[in-house]
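The values are calculated or read from the model by the stated rules, or taken from the named source; none is laboratory data. Source: prediction; values computed, not measured. Note that we place each Cβ from the backbone using ideal geometry, even for glycine, and neighbour counts take in every protein chain shown. Ligands, DNA and RNA are stripped out before the accessible areas are found, and what is left, the full protein with its side chains, is counted by its heavy atoms. Shrake-Rupley method; radii C 1.70, N 1.55, O 1.52, S 1.80 Å.
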Amino acid sequence: MPIACSGWALHAPAPRHAALEQDVETDVAVIGAGLAGSSLALHLQKLGINVALIEARQPADGASGRNAGHVQPFLDKLQALKSWPGGGQPFVEYFVQQRNIVYEMCSRYGIDGDAHPGGMVEVAARPVAALQAKAREWAGRGYAVAEVGRESLQELLGTSRYGYGLHWQEGGSVNPFMFTSGMVRVAQMLGAQVYGDSPVLDCRREGERWRAVTARGSVRAHRVVICTNAHAGNPFFPELGRTQYPLVACALATKPLPQSVLDSLNPARVALTQVPTGLYPMVVDGRRRLVTATIPHVGREDDARVYFDYFRSYLHKTFPQTRELNIELESYWTGYTSSSSQAYHEDYAKIYEVADGVTALMNLGTWGNVMGPLLGRHLAQVMASERWQDLLLPLEKPREVANPQWFGFKIRRIMVPMARIADRLNLA
Ligand SMILES: Cc1cc2nc3c(=O)[nH]c(=O)nc-3n(C[C@H](O)[C@H](O)[C@H](O)COP(=O)(O)OP(=O)(O)OC[C@H]3O[C@@H](n4cnc5c(N)ncnc54)[C@H](O)[C@@H]3O)c2cc1C
């Protein structure tokens, strides 16, 4: 689907970047202008390293302009990090330090990302041991997180449906399209060359340097960083496309709701997600719209009506105050996530050493809004200092994942349909 379908892009169209039509030279060529590539370009430029950012379409045209807008300030399954440098502790500490990066960058660089640090709520029908343990874990790291019951949730969200939840006072929401475009604008102001409509077709070594080649031009650079996420099915370094579990997701935005309704439905604009399956994650954006995302049925990705009807039924059931309201669909769009792991919330990003001088930062999974800017910043710091031993993630060789088709099948044909049934029967 064209990016114009994304409700986030509707909010504030971004300037178009012209195609690369000549041969240019720079220090680092960054391929792909999503959250990862844009942050990397901005931070490299800030550290005095010149960048050419090359995007196949326009910045934020991939998952970064299409996501559900949640800014999650915590990590889920920490045991998945055990094999990382220092048993994952240095990464967790950096993450904790940088967890507000979205809001910090918006404020530091004057990025208008409709970023709202209203906090997050994870809700469940009844107390969940994993959530209780998570609250203890992150409270121990200094987070303002509280276990809450039905009454507090009613006050916070205007619904009595949920008996238990975690209220995180940090994190919240962002318009990821505006945030990503904003990072690109800042990178450009700092001196980065930015090219749109320029798919990289080849990436070849030339002596000590690399040349990234597009249809009508090329970038010659000391280093290349590939930030192409689920769009990794490229002719150059095709092994990257086999390192991930790509999954199609869809999202939608309602038309703006009256303020009087929002005053009783989530007045603090916290980002909401349900446990265990998060069928209807929801944020309220700065235009008073509700935005949600889900996984579409196989073969029915384009059928906006189906997912809007699901969402409206959820709203009617969960927020009775919406039953008399004429809620209308404003935008519907699809996008691709790509994960490095089949296990939910173990889908940590990867940094690959693809060749000498070529690195890839990708497979950001379902947490790109924080991971993209954060890892872009970290990788820039490592590259600038040339201290690769300081990398907080393992520097891996691309490795093929097992059974990628099974992943999509499992989620789209088994897990999500079962979760919908459980939701309908009030079992979750
Ligand atoms: C529906 C949906 C909901 C989501 N919800 C959330 C959420 O609420 N919170 C959250 O944190 N994360 C969420 N995510 C995940 C998040 O959006 C991603 O993790 C993140 O956007 C990935 O960023 P990226 O920069 O790695 O990739 P992308 O944004 O996909 O960028 C990759 C870019 O590379 C470009 N490219 C590819 N090949 C080439 C080439 N040959 N030459 C030049 N350019 C190329 C592509 O055009 C694209 O623009 C969601 C994702 C989806 C799809």
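What's the FRET efficiency of residue 83 with residue 205 using the Cβ-Cβ distance as r and R₀ = 30 Å, to the nearest 0.05?
0.45
How large is the accessible surface per residue of the chain, computed with a 1.4 Å probe and reported in Å² as a whole number?
40
So for the chain: antiparallel DSSP bridges make up what percent, rounded to the nearest 5?
65
So what does residue 350 come to for accessible area, using a 1.4 Å probe and Å² rounded to 10?
40
Sort the following peptides by mean Cβ neighbour count (other Cβ atoms within 10 Å, averaged over residues), highest first: 399-406, 180-187.
Per-residue Cβ counts within 10 Å, averaged per peptide and sorted highest first, yield 180-187, 399-406.
Would you mind checking the radius of gyration and Dmax of the chain based on alpha-carbon positions, in Å?
Rg, Dmax (Cα atoms, Å): 21.1, 68.
Rg and Dmax of the stretch 120-169 over Cα atoms: what are they, in angstrom?
10.4, 30
To the nearest 10 square angstrom, what accessible area does residue 263 show with a 1.4 Å probe?
Spelled out: residue 263, probe radius 1.4 Å, area about 90 Å².
Longer than 29 Å from Cα to Cα, which of 46/350; 350/410; 46/255; 82/410; 46/77; 134/397 are they? Say none if no pair is.
On the way: 46/350 23 Å; 350/410 23 Å; 46/255 39 Å; 82/410 26 Å; 46/77 33 Å; 134/397 32 Å.
46/255; 46/77; 134/397, as the Cα separations exceed 29 Å there.
Simple spin-label model, 7 Å along Cα-to-Cβ: residue 24 to residue 137 in nm?
Label at residue 24, label at residue 137, 4.3 nm between them.
First measure r as the distance between the Cβ atoms of residue 413 and residue 330, then evaluate 1/(1 + (r/R0)^6) with R0 = 30 Å and state the FRET efficiency to the nearest 0.05.
0.55
Rounded to the nearest Å, what's the spacing between the alpha carbon centres of the stretch 251-308 and the stretch 350-364? Just the number, please.
Centre-to-centre distance over Cα atoms comes out at 34 Å.
Per residue of the stretch 21-33, what does 6.51 cos²θ - 1.76 cosθ + 1.60 with θ = phi - 60° give for ³J(HN,Hα)? Whole Hz please, x for Gly and Pro, Karplus curve as stated.
10, 8, 9, 10, 10, 7, 7, 10, 9, 10, 9, x, 10
Determine, for each peptide in 373-384, 1-12, 332-343, 65-76, the mean count of other beta carbons within 10 angstrom over its residues, then list the peptides with the highest first.
Ranked from most to least packed, the peptides come out as 65-76, 373-384, 332-343, 1-12.
Between the stretch 16-52 and the stretch 139-185, what is the C-alpha centre distance in whole Å?
33
Would you grab the residues whose amide H sits under 5 Å from the one on residue 71? Only those 5+ places off in sequence or on another chain, please, with H modelled 1.01 Å from N.
Counting only residues 5 or more places away or on other chains, the set is 172, 173, 174.
If each of residue 421 and residue 303 carries a label point 7 Å out from its Cα toward its Cβ, how far apart are those two points in nm?
1.8
Could you give the dipole magnitude of the chain about its Cα centre, charging the beta-carbon of Lys and Arg +1 and that of Asp and Glu -1, in debye to the nearest 20? Walk me through the numbers on the way to the answer.
Numbers: 43 positive and 40 negative charges, 146 e Å.
Dipole of the chain, to the nearest 20 debye: 700 debye.
Could you pull the Cα extents of the stretch 28-101 along its three principal axes, largest to smallest, in whole Å?
Projected onto the principal axes, the Cα atoms of the stretch 28-101 cover 37, 32, 22 Å.
Which percent of the accessible heavy-atom area of the chain goes to carbon and sulfur, probe 1.4 angstrom?
For the chain, the apolar C and S fraction of the accessible surface comes to 51 percent.
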